[in-house]
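This report refers to the structure that appears directly beneath it.
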Amino acid sequence: MSAFQPEFTARTAQVRVRFGIGASRSVADDVRALGCARALVLSTPQQVAAAMQTAEDLGPLAAGIFSKAAMHTPIDITTEALAHVAEVRADCVVAVGGGSTTGLGKAIALRTNLPQVVIPTTYAGSEATPILGQTENGLKTTVTDDRVQPEVILYDPDLVARLPIAMTVTSALNAIAHAVEALYARDRNPLSSMLAMEGIRAFARALPQVVAAPGDLTARGETLYGAWLCGTVLGQVGMALHHKLCHALGGTFNLPHAETHAVILPHAVAYTEPAVRDLLAPVAEVLGGATAGAALYGFAKRMGAPMALRDIGLKEADLDRATEIATKNPYWNPRPVDPAPLRALLQRAWAGEPPVA
Ligand code: NAD
(Lines give C-alpha, C1' and ligand atoms only; values in the text may rest on other atoms or scores of the structure.)
Protein backbone atom coordinates (compact mmCIF):
# COMPACT_ATOMS: atom_id res chain seq x y z
CA MET A 1 0.00 0.00 0.00
CA SER A 2 1.36 3.46 -0.89
CA ALA A 3 1.86 5.97 1.91
CA PHE A 4 0.64 8.79 -0.39
CA GLN A 5 -1.87 11.25 1.07
CA PRO A 6 -3.68 13.91 -1.00
CA GLU A 7 -2.84 16.62 1.58
CA PHE A 8 -0.18 16.86 4.29
CA THR A 9 2.34 19.05 6.12
CA ALA A 10 5.75 17.52 6.90
CA ARG A 11 8.55 18.72 9.19
CA THR A 12 12.09 17.32 9.35
CA ALA A 13 14.97 18.28 11.65
CA GLN A 14 18.56 19.21 10.76
CA VAL A 15 20.47 16.38 12.42
CA ARG A 16 23.80 14.77 11.57
CA VAL A 17 23.64 11.01 12.13
CA ARG A 18 26.70 8.76 12.04
CA PHE A 19 26.12 5.04 12.12
CA GLY A 20 28.53 2.12 12.49
CA ILE A 21 30.46 -0.22 14.74
CA GLY A 22 32.98 1.98 16.60
CA ALA A 23 31.30 5.25 15.47
CA SER A 24 31.29 6.55 19.06
CA ARG A 25 35.09 6.24 19.35
CA SER A 26 35.68 9.13 16.93
CA VAL A 27 33.34 11.50 18.81
CA ALA A 28 36.16 14.08 18.89
CA ASP A 29 35.67 14.64 15.13
CA ASP A 30 32.01 15.49 15.69
CA VAL A 31 32.78 17.87 18.57
CA ARG A 32 35.36 19.65 16.40
CA ALA A 33 32.90 19.80 13.46
CA LEU A 34 30.47 21.64 15.77
CA GLY A 35 33.24 24.21 16.39
CA CYS A 36 33.49 23.14 20.04
CA ALA A 37 36.51 22.43 22.24
CA ARG A 38 35.17 21.78 25.78
CA ALA A 39 32.70 18.89 25.96
CA LEU A 40 30.94 17.93 29.18
CA VAL A 41 30.18 14.19 29.11
CA LEU A 42 26.86 13.14 30.69
CA SER A 43 25.74 9.74 32.03
CA THR A 44 23.73 8.04 34.76
CA PRO A 45 25.59 6.75 37.86
CA GLN A 46 25.22 3.23 36.36
CA GLN A 47 27.07 4.17 33.15
CA VAL A 48 30.10 6.04 34.47
CA ALA A 49 32.41 3.53 32.77
CA ALA A 50 30.91 4.36 29.35
CA ALA A 51 31.22 8.09 30.12
CA MET A 52 34.88 7.64 31.09
CA GLN A 53 35.56 5.82 27.82
CA THR A 54 33.97 8.71 25.89
CA ALA A 55 36.00 11.26 27.88
CA GLU A 56 39.14 9.29 27.03
CA ASP A 57 38.13 9.21 23.34
CA LEU A 58 37.60 13.00 23.46
CA GLY A 59 41.12 13.51 24.85
CA PRO A 60 41.87 17.23 25.30
CA LEU A 61 38.31 18.10 24.16
CA ALA A 62 36.85 16.59 27.36
CA ALA A 63 36.00 19.27 29.95
CA GLY A 64 34.61 16.83 32.54
CA ILE A 65 32.00 14.21 33.39
CA PHE A 66 28.63 14.76 35.10
CA SER A 67 27.15 11.37 36.00
CA LYS A 68 23.95 12.09 37.91
CA ALA A 69 21.37 11.82 35.10
CA ALA A 70 18.12 10.27 36.38
CA MET A 71 14.76 9.04 35.06
CA HIS A 72 12.25 11.77 34.03
CA THR A 73 14.86 14.60 34.17
CA PRO A 74 14.36 16.02 37.69
CA ILE A 75 14.88 19.81 37.66
CA ASP A 76 17.14 19.81 40.76
CA ILE A 77 19.64 17.57 38.90
CA THR A 78 19.48 19.89 35.88
CA THR A 79 20.26 22.85 38.17
CA GLU A 80 23.28 21.00 39.56
CA ALA A 81 24.43 20.08 36.05
CA LEU A 82 24.11 23.71 34.90
CA ALA A 83 26.44 24.79 37.70
CA HIS A 84 28.90 22.15 36.50
CA VAL A 85 28.58 23.40 32.89
CA ALA A 86 29.50 26.91 34.07
CA GLU A 87 32.31 25.71 36.32
CA VAL A 88 34.12 23.75 33.58
CA ARG A 89 33.15 26.32 30.89
CA ALA A 90 31.64 23.62 28.67
CA ASP A 91 30.75 24.66 25.11
CA CYS A 92 28.83 21.45 24.25
CA VAL A 93 27.48 18.30 25.91
CA VAL A 94 28.01 14.67 24.95
CA ALA A 95 25.27 12.42 26.39
CA VAL A 96 26.15 8.71 26.64
CA GLY A 97 23.16 6.58 27.63
CA GLY A 98 19.42 6.07 27.31
CA GLY A 99 16.49 8.49 27.42
CA SER A 100 17.34 9.69 30.94
CA THR A 101 20.84 10.88 30.01
CA THR A 102 19.64 12.33 26.70
CA GLY A 103 16.95 14.16 28.71
CA LEU A 104 19.58 15.83 30.89
CA GLY A 105 21.51 16.99 27.80
CA LYS A 106 18.28 18.40 26.35
CA ALA A 107 17.43 20.17 29.62
CA ILE A 108 20.88 21.82 29.57
CA ALA A 109 20.48 22.78 25.90
CA LEU A 110 17.05 24.31 26.55
CA ARG A 111 18.59 26.67 29.10
CA THR A 112 21.97 27.37 27.46
CA ASN A 113 21.51 26.58 23.74
CA LEU A 114 24.71 24.47 23.90
CA PRO A 115 25.00 21.95 21.04
CA GLN A 116 24.46 18.28 21.88
CA VAL A 117 26.06 15.06 20.70
CA VAL A 118 24.14 11.94 21.77
CA ILE A 119 25.52 8.39 21.90
CA PRO A 120 22.39 6.26 22.53
CA THR A 121 22.72 3.00 24.46
CA THR A 122 18.99 2.07 24.43
CA TYR A 123 16.26 2.18 21.75
CA ALA A 124 14.10 4.86 23.47
CA GLY A 125 14.65 7.31 20.58
CA SER A 126 14.75 10.56 22.57
CA GLU A 127 17.93 11.58 20.70
CA ALA A 128 15.87 12.05 17.51
CA THR A 129 13.19 14.38 18.94
CA PRO A 130 12.80 18.06 19.96
CA ILE A 131 10.76 16.90 22.98
CA LEU A 132 11.81 17.11 26.64
CA GLY A 133 9.93 15.77 29.65
CA GLN A 134 11.01 17.19 33.02
CA THR A 135 9.82 16.66 36.60
CA GLU A 136 9.54 19.10 39.49
CA ASN A 137 7.89 18.18 42.81
CA GLY A 138 6.68 14.93 41.25
CA LEU A 139 4.92 16.72 38.37
CA LYS A 140 6.02 15.91 34.80
CA THR A 141 5.71 18.56 32.10
CA THR A 142 6.69 18.29 28.44
CA VAL A 143 8.16 20.97 26.17
CA THR A 144 8.80 20.84 22.45
CA ASP A 145 11.49 23.29 21.38
CA ASP A 146 14.05 23.34 18.55
CA ARG A 147 16.85 24.09 21.06
CA VAL A 148 16.18 20.67 22.59
CA GLN A 149 16.80 18.71 19.35
CA PRO A 150 20.31 17.18 19.49
CA GLU A 151 22.56 18.25 16.59
CA VAL A 152 24.57 15.00 16.27
CA ILE A 153 23.69 11.34 16.94
CA LEU A 154 26.33 8.60 16.96
CA TYR A 155 24.72 5.16 16.67
CA ASP A 156 27.28 2.55 17.70
CA PRO A 157 26.10 -1.10 17.90
CA ASP A 158 29.03 -1.81 20.23
CA LEU A 159 27.44 0.30 22.99
CA VAL A 160 23.90 -1.06 22.72
CA ALA A 161 25.32 -4.62 22.68
CA ARG A 162 25.91 -4.20 26.44
CA LEU A 163 22.22 -3.51 27.11
CA PRO A 164 20.91 -6.48 29.18
CA ILE A 165 18.50 -8.63 27.17
CA ALA A 166 15.38 -7.89 29.30
CA MET A 167 15.93 -4.16 28.81
CA THR A 168 16.71 -4.75 25.15
CA VAL A 169 13.27 -6.26 24.61
CA THR A 170 11.27 -3.66 26.57
CA SER A 171 13.23 -0.79 25.05
CA ALA A 172 12.60 -2.17 21.54
CA LEU A 173 8.85 -2.38 22.25
CA ASN A 174 9.00 1.21 23.54
CA ALA A 175 10.46 2.20 20.15
CA ILE A 176 7.91 0.15 18.19
CA ALA A 177 5.15 1.94 20.15
CA HIS A 178 6.29 5.31 18.70
CA ALA A 179 6.07 3.91 15.17
CA VAL A 180 2.72 2.16 15.62
CA GLU A 181 1.05 5.31 16.96
CA ALA A 182 2.68 7.36 14.18
CA LEU A 183 0.84 5.22 11.60
CA TYR A 184 -2.53 6.60 12.74
CA ALA A 185 -1.39 10.04 13.96
CA ARG A 186 -3.71 12.84 12.95
CA ASP A 187 -0.75 14.83 11.58
CA ARG A 188 0.97 11.88 9.85
CA ASN A 189 2.47 12.37 6.40
CA PRO A 190 3.81 9.97 3.75
CA LEU A 191 7.38 10.29 5.05
CA SER A 192 6.47 9.60 8.71
CA SER A 193 4.39 6.57 7.67
CA MET A 194 7.25 5.13 5.58
CA LEU A 195 9.78 5.69 8.37
CA ALA A 196 7.42 4.11 10.90
CA MET A 197 6.86 0.93 8.89
CA GLU A 198 10.58 0.58 8.09
CA GLY A 199 11.33 0.97 11.82
CA ILE A 200 8.85 -1.78 12.74
CA ARG A 201 10.25 -4.01 9.98
CA ALA A 202 13.82 -3.53 11.29
CA PHE A 203 12.82 -4.64 14.80
CA ALA A 204 10.65 -7.51 13.51
CA ARG A 205 13.67 -8.84 11.62
CA ALA A 206 16.54 -8.09 14.00
CA LEU A 207 15.12 -8.31 17.54
CA PRO A 208 14.67 -12.12 17.46
CA GLN A 209 18.30 -12.38 16.27
CA VAL A 210 19.49 -10.12 19.11
CA VAL A 211 17.51 -12.14 21.68
CA ALA A 212 19.14 -15.32 20.34
CA ALA A 213 22.64 -13.77 20.20
CA PRO A 214 22.88 -10.48 22.21
CA GLY A 215 26.43 -9.81 20.99
CA ASP A 216 25.57 -10.04 17.26
CA LEU A 217 26.68 -6.56 16.21
CA THR A 218 25.05 -6.70 12.77
CA ALA A 219 21.65 -7.50 14.31
CA ARG A 220 22.27 -4.91 17.06
CA GLY A 221 23.01 -2.39 14.30
CA GLU A 222 19.69 -3.14 12.62
CA THR A 223 17.80 -2.67 15.91
CA LEU A 224 19.56 0.71 16.36
CA TYR A 225 18.50 1.59 12.81
CA GLY A 226 14.93 0.77 13.92
CA ALA A 227 15.34 2.96 17.00
CA TRP A 228 16.50 5.89 14.86
CA LEU A 229 13.49 5.59 12.54
CA CYS A 230 11.00 5.13 15.38
CA GLY A 231 12.51 8.05 17.35
CA THR A 232 12.45 10.24 14.25
CA VAL A 233 8.71 9.73 13.74
CA LEU A 234 8.10 10.40 17.45
CA GLY A 235 9.67 13.82 16.81
CA GLN A 236 7.51 14.45 13.73
CA VAL A 237 3.93 13.53 14.66
CA GLY A 238 1.61 13.43 17.67
CA MET A 239 0.95 10.35 19.80
CA ALA A 240 -2.42 9.07 21.08
CA LEU A 241 -4.01 6.64 23.58
CA HIS A 242 -1.01 4.36 24.06
CA HIS A 243 1.44 7.12 25.02
CA LYS A 244 -1.17 8.94 27.17
CA LEU A 245 -1.87 5.72 29.10
CA CYS A 246 1.83 5.02 29.65
CA HIS A 247 2.45 8.58 30.89
CA ALA A 248 -0.54 8.37 33.25
CA LEU A 249 0.60 5.02 34.65
CA GLY A 250 4.28 5.95 34.82
CA GLY A 251 3.68 9.38 36.36
CA THR A 252 1.09 8.40 38.97
CA PHE A 253 2.18 4.91 39.99
CA ASN A 254 5.89 5.26 39.24
CA LEU A 255 5.90 2.25 36.92
CA PRO A 256 9.09 1.61 34.90
CA HIS A 257 9.01 3.44 31.53
CA ALA A 258 9.95 0.85 28.91
CA GLU A 259 8.21 -2.07 30.67
CA THR A 260 4.94 -0.11 30.85
CA HIS A 261 5.13 0.55 27.10
CA ALA A 262 5.79 -3.16 26.48
CA VAL A 263 2.72 -4.30 28.44
CA ILE A 264 0.24 -1.63 27.26
CA LEU A 265 1.03 -1.53 23.53
CA PRO A 266 -0.98 -4.58 22.30
CA HIS A 267 -4.00 -3.50 24.39
CA ALA A 268 -3.99 0.17 23.32
CA VAL A 269 -3.58 -0.88 19.68
CA ALA A 270 -6.39 -3.46 19.88
CA TYR A 271 -8.66 -0.77 21.37
CA THR A 272 -7.87 1.70 18.59
CA GLU A 273 -7.69 -0.79 15.70
CA PRO A 274 -11.42 -0.92 14.72
CA ALA A 275 -11.18 2.80 13.77
CA VAL A 276 -7.97 2.47 11.68
CA ARG A 277 -7.87 -1.15 10.53
CA ASP A 278 -6.43 -0.31 7.09
CA LEU A 279 -3.57 1.78 8.55
CA LEU A 280 -2.60 -1.00 10.98
CA ALA A 281 -2.89 -3.91 8.51
CA PRO A 282 0.85 -3.71 7.60
CA VAL A 283 1.76 -4.17 11.31
CA ALA A 284 -0.33 -7.36 11.50
CA GLU A 285 1.36 -8.57 8.31
CA VAL A 286 4.96 -7.78 9.35
CA LEU A 287 4.67 -9.17 12.90
CA GLY A 288 2.37 -12.06 11.97
CA GLY A 289 -1.17 -12.04 13.38
CA ALA A 290 -4.85 -11.74 12.47
CA THR A 291 -4.88 -8.15 13.84
CA ALA A 292 -2.17 -5.66 14.80
CA GLY A 293 -3.11 -5.97 18.50
CA ALA A 294 -2.82 -9.77 18.40
CA ALA A 295 0.42 -9.59 16.37
CA LEU A 296 2.03 -7.19 18.88
CA TYR A 297 0.93 -9.39 21.81
CA GLY A 298 2.39 -12.50 20.14
CA PHE A 299 5.64 -10.74 19.22
CA ALA A 300 6.13 -9.39 22.77
CA LYS A 301 5.46 -12.83 24.23
CA ARG A 302 7.89 -14.55 21.84
CA MET A 303 10.57 -11.99 22.76
CA GLY A 304 10.09 -12.72 26.49
CA ALA A 305 8.69 -9.29 27.41
CA PRO A 306 6.76 -8.71 30.66
CA MET A 307 3.07 -9.18 29.76
CA ALA A 308 1.18 -8.02 32.88
CA LEU A 309 0.97 -4.72 34.78
CA ARG A 310 0.74 -6.75 38.01
CA ASP A 311 4.26 -8.05 37.33
CA ILE A 312 5.74 -4.54 37.01
CA GLY A 313 4.34 -3.03 40.19
CA LEU A 314 0.68 -2.00 39.65
CA LYS A 315 -1.87 -3.06 42.30
CA GLU A 316 -5.33 -4.22 41.18
CA ALA A 317 -6.82 -1.68 43.59
CA ASP A 318 -5.21 1.11 41.50
CA LEU A 319 -7.06 0.25 38.27
CA ASP A 320 -10.06 2.53 38.96
CA ARG A 321 -7.78 5.46 39.72
CA ALA A 322 -5.70 4.73 36.59
CA THR A 323 -8.89 4.78 34.47
CA GLU A 324 -9.94 8.06 36.05
CA ILE A 325 -6.58 9.71 35.38
CA ALA A 326 -6.35 8.39 31.82
CA THR A 327 -9.81 9.75 30.93
CA LYS A 328 -9.64 13.02 32.93
CA ASN A 329 -8.17 15.21 30.19
CA PRO A 330 -9.88 14.33 26.91
CA TYR A 331 -7.41 13.86 24.06
CA TRP A 332 -7.63 12.78 20.47
CA ASN A 333 -7.53 9.09 19.58
CA PRO A 334 -8.86 7.51 16.37
CA ARG A 335 -11.39 5.64 18.57
CA PRO A 336 -12.68 7.95 21.31
CA VAL A 337 -11.55 6.99 24.81
CA ASP A 338 -14.46 5.93 27.06
CA PRO A 339 -14.09 4.92 30.72
CA ALA A 340 -15.86 1.52 30.64
CA PRO A 341 -13.89 -0.12 27.77
CA LEU A 342 -10.69 1.52 29.04
CA ARG A 343 -11.24 0.02 32.52
CA ALA A 344 -11.71 -3.40 30.85
CA LEU A 345 -8.51 -2.85 28.79
CA LEU A 346 -6.52 -2.05 31.93
CA GLN A 347 -7.93 -5.11 33.73
CA ARG A 348 -6.71 -7.37 30.90
CA ALA A 349 -3.32 -5.61 30.78
CA TRP A 350 -3.04 -5.98 34.56
CA ALA A 351 -3.69 -9.73 34.36
CA GLY A 352 -1.58 -10.26 31.22
CA GLU A 353 -4.50 -11.58 29.14
CA PRO A 354 -4.55 -11.26 25.33
CA PRO A 355 -5.95 -7.95 24.02
CA VAL A 356 -9.58 -7.51 22.91
CA ALA A 357 -10.85 -4.80 20.56
P1 NAD B 1 17.08 5.07 30.91
O2 NAD B 1 17.87 6.02 30.14
O3 NAD B 1 16.41 5.56 32.16
O4 NAD B 1 18.00 3.83 31.28
C5 NAD B 1 17.58 2.88 32.28
C6 NAD B 1 18.81 2.35 33.02
O7 NAD B 1 19.58 1.53 32.14
C8 NAD B 1 19.76 3.45 33.48
O9 NAD B 1 20.28 3.10 34.73
C10 NAD B 1 20.84 3.45 32.42
O11 NAD B 1 22.05 3.95 32.88
C12 NAD B 1 20.91 1.97 32.07
N13 NAD B 1 21.42 1.72 30.72
C14 NAD B 1 21.12 2.38 29.59
N15 NAD B 1 21.76 1.83 28.55
C16 NAD B 1 22.50 0.80 29.03
C17 NAD B 1 23.38 -0.14 28.44
N18 NAD B 1 23.61 -0.18 27.13
N19 NAD B 1 23.94 -1.04 29.24
C20 NAD B 1 23.69 -1.08 30.57
N21 NAD B 1 22.85 -0.21 31.19
C22 NAD B 1 22.28 0.71 30.42
O23 NAD B 1 15.95 4.34 30.04
P24 NAD B 1 15.30 4.68 28.62
O25 NAD B 1 14.16 3.75 28.50
O26 NAD B 1 16.33 4.73 27.56
O27 NAD B 1 14.76 6.16 28.80
C28 NAD B 1 13.61 6.45 29.56
C29 NAD B 1 13.45 7.95 29.73
O30 NAD B 1 13.54 8.61 28.48
C31 NAD B 1 12.09 8.32 30.32
O32 NAD B 1 12.26 9.39 31.23
C33 NAD B 1 11.31 8.79 29.11
O34 NAD B 1 10.28 9.70 29.43
C35 NAD B 1 12.40 9.43 28.27
N36 NAD B 1 12.11 9.46 26.82
C37 NAD B 1 11.99 10.70 26.25
C38 NAD B 1 11.73 10.80 24.89
C39 NAD B 1 11.62 12.16 24.25
O40 NAD B 1 11.51 12.25 23.04
N41 NAD B 1 11.67 13.21 25.02
C42 NAD B 1 11.62 9.64 24.11
C43 NAD B 1 11.74 8.39 24.72
C44 NAD B 1 12.01 8.32 26.08
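The values are calculated or read from the model by the stated rules, or taken from the named source; none is laboratory data. Since the structure is predicted, the reported quantities are computational estimates derived from the model, not experimental observations. Neighbour counts run over all protein chains shown; Cβ positions are idealised from the backbone, glycine included. Ligands, DNA and RNA are excluded from the accessible area calculation, which covers all protein heavy atoms including side chains. Shrake-Rupley method; radii C 1.70, N 1.55, O 1.52, S 1.80 Å.
Springs join every pair of Cα atoms under 10 Å in this Gaussian network model of the chain, and among 108, 325, 131 the largest mean-square fluctuation is at 325. In the chain, the longest principal axis of the Cα atoms and the axis of helix 339-351 are about 70 degrees apart.
Summing Cβ point charges (Lys, Arg +1; Asp, Glu -1) relative to the Cα centre of the stretch 253-357 gives a dipole of roughly 40 debye.
As a length-normalised measure over Cα pairs under 8 Å and 6 or more apart, the relative contact order of the stretch 244-296 settles at 29 percent.
When only the Cβ of Lys, Arg, Asp and Glu is charged (+1, +1, -1, -1), the dipole of the chain relative to its Cα centre reaches about 200 debye. Which angle from 0 to 90°, rounded to the nearest 10, does the C-alpha axis of helix 277-287 make with the longest principal axis of the chain? Tilt relative to the chain: about 70 degrees.
Modelled label positions at residue 320 and residue 141, each set 7 Å beyond Cα in the direction of Cβ, lie 3.2 nm from each other.
Extension gain, residue 205 to residue 33, is 58.5 nm, computed as 0.36 nm per intervening residue step minus the present C-alpha separation. Globularity index of the stretch 218-355 is 1.03 (Cα radius of gyration / 2.2 N^0.38 Å, N = number of residues). Beta bridges per DSSP, both residues in the chain: antiparallel share near 25 percent.
Once the Cα atoms are used to define both axes, helix 190-212 deviates from the longest principal axis of the chain by about 90 degrees.
When the helices of the chain are scored as -39500 (n - 2.57) per DSSP H run of n ≥ 4 and the total is divided over every residue, the value at 222 nm lands at -16500 deg cm²/dmol. A straight Cα-to-Cα reach below 21 Å connects residue 301 with none of the lysines, residues fewer than 8 places away in its own chain not being considered. Taking the convex hull of the alpha carbon positions in the chain and averaging its projected area over all directions gives 16.4 nm². Shape of the stretch 1-157 from the C-alpha gyration tensor: oblate (a/c of 1.5 or more and a/b not above b/c, with a ≥ b ≥ c the square roots of its eigenvalues). Expressed as a whole percentage, what fraction of the accessible surface of the chain belongs to carbon and sulfur atoms when a 1.4 Å probe is rolled over the protein heavy atoms? Here carbon and sulfur together make up 54 percent of the probe-accessible area. Using a Gaussian network model of the chain in which every pair of alpha carbons under 10 angstrom is joined by a spring, one finds that among 262, 270, 50 the greatest mean-square fluctuation is at 50.
Dividing the mean sequence gap of close Cα pairs (under 8 Å, 6+ apart) by how many residues the chain holds gives a relative contact order of 15 percent.
Only Cα pairs under 8 Å and 6+ residues apart enter the sum, and on that basis the relative contact order of the stretch 1-106 stands at 30 percent.
Couplings for the stretch 88-98, taken from phi via the Karplus curve 6.51 cos²θ - 1.76 cosθ + 1.60 with θ = phi - 60°, read 8, 6, 5, 10, 6, 10, 10, 9, 10, x, x Hz in order; Gly and Pro are left as x. Under the simplified labelling scheme, the residue 275-residue 254 pair shows an inter-label distance of 3.3 nm, with each label point 7 Å from Cα along Cα→Cβ.
Overall, the anisotropy analysis places the stretch 90-139 in the oblate class: the square-rooted eigenvalues a ≥ b ≥ c of its C-alpha gyration tensor yield a/c not less than 1.5, with a/b not exceeding b/c. Placing pseudo-labels 7 Å out from each Cα toward the beta carbon at residue 187 and residue 344 gives an inter-label distance of 3.3 nm. Within the straight-line cut-off of under 16 Å between alpha carbons, the aspartates and glutamates reachable from residue 140 are 76, sequence neighbours fewer than 8 places apart in one chain being disregarded. When chymotrypsin sites (Phe, Trp or Tyr not before Pro) are flagged only if DSSP places them in a loop and at most 15 other Cβ atoms lie within 10 Å, the longest unflagged stretch of the chain comes out as 9-330.
Counting every pair of alpha carbons in the stretch 109-204, the share spaced more than 16 Å apart comes to 66 percent.
The Cys residues in the chain with no partner Cys Cβ within less than 4.7 Å of their Cβ are 230, 246.
Given R0 = 30 Å, the distance between the Cβ atoms of residue 48 and residue 17 translates into a calculated FRET efficiency of 0.70. Here residue 194 and residue 357 are evaluated by their C-beta separation; at R0 = 30 Å the FRET efficiency comes out at 0.70. Classify the stretch 36-77 as rounded, prolate or oblate from the Cα gyration tensor: take a ≥ b ≥ c as the square roots of its eigenvalues, call it rounded if a/c is under 1.5, otherwise prolate when a/b beats b/c and oblate if not. Oblate is the answer for the stretch 36-77, as a/c is 1.5 or above yet b/c matches or exceeds a/b. Taking 19 Å as the straight-line reach from the Cα of residue 328, the aspartates and glutamates in range (excluding those fewer than 8 positions away in the same chain) are 318, 320, 338. For the stretch 181-263, the equivalent ellipsoid derived from the alpha-carbon gyration tensor has semi-axes of 24, 20, 8 Å in decreasing order.
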